[in-house]
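The values are calculated or read from the model by the stated rules, or taken from the named source; none is laboratory data. Model, not experiment: these values are computed from the prediction. Because the Cβ atoms are built from the backbone with ideal geometry, glycine has one as well, and the counts that use them run over all protein chains shown. For accessibility, only protein heavy atoms count, side chains too; no ligands or nucleic acids. Shrake-Rupley method; radii C 1.70, N 1.55, O 1.52, S 1.80 Å.
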Amino acid sequence: MKKSIAISTWSTIETLSTATAHFFVMESERSIAEKGQFVVALSGGSTPRRLFQLLATAAFSRNINWKKVFLFWSDERFVAHTDADSNYRMAKESLLDHIPVPVENIFPVPVSGTPKACASQYERSIRKFFPKEKPAFDWVLLGI
């Protein structure tokens, strides 16, 4: 049986971000109902910033069970988390500082040490989070 793929387009970052925020709420509810958690890999760069800002508003945030949301990163620049180019910093300032997600549910990419050592450390933390299965995120955001 062939699966169909729905393709949607939006003319502005605002309409894209709003639609994605609604979808995030729906998917978090579905995943938490089915599996007890919603595991997301966040993207960086400028594309997701507006989405993060919207998710941080009461209109969206109050509809998300943040205690059961676990946040990883799908990409990161190898800079300090306080650096202006850090994807973690952008997510922290536009989303994390404004939502009641437990700190133990946030898994930033380590950036202290060599890139190879930090990548290995991050891989271990992902495998530890998914101990009985192959790592499989519910949602992976990618920038464009």
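Per-residue surface analysis assigns residue 85 an accessible area of about 80 Å², computed on protein heavy atoms at 1.4 Å probe radius. The residues of the chain have, on average, 62 Å² of accessible surface per residue, using a 1.4 Å probe with all protein chains present.
Shown for the chain is the translational diffusion coefficient from the Stokes-Einstein equation, using the Kirkwood radius over Cα pairs, a temperature of 37 °C and a viscosity of 0.692 mPa s: 204 µm²/s.
Could you list, in their original order, any pairs among 3/132; 35/132; 68/132; 2/132; 67/116 whose Cα atoms are separated by more than 21 Å? Pairs exceeding 21 Å: 3/132; 2/132; 67/116.
When all protein chains stay in place and ligands, DNA and RNA are ignored, the 1.4 Å accessible-area order of 26, 1, 90, largest first, is 1, 26, 90. For residue 18, the accessible area of its heavy atoms, probed at 1.4 Å with every protein chain present, is near 50 square angstrom. Measuring between their Cα centroids, region 113-144 and region 1-70 lie 20 Å from each other.
Taking amide H atoms as placed 1.01 Å from N in the peptide plane, list the residues 5 or more away in sequence, or in a different chain, whose amide H sits under 5 Å from that of residue 140. Those lying under 5 Å, H to H, from residue 140 are 41.
Surface composition of the chain: carbon and sulfur make up 56 percent of the accessible area, probe 1.4 Å. In the assembled protein chains, residue 8 presents an accessible area of approximately 70 Å² (probe radius 1.4 Å). Under 13 Å from the Cβ of residue 99, count the other residues' Cβ atoms, weight Lys and Arg +1, Asp and Glu -1, and hand me the total. Cβ neighbours under 13 Å give a net charge of +2.
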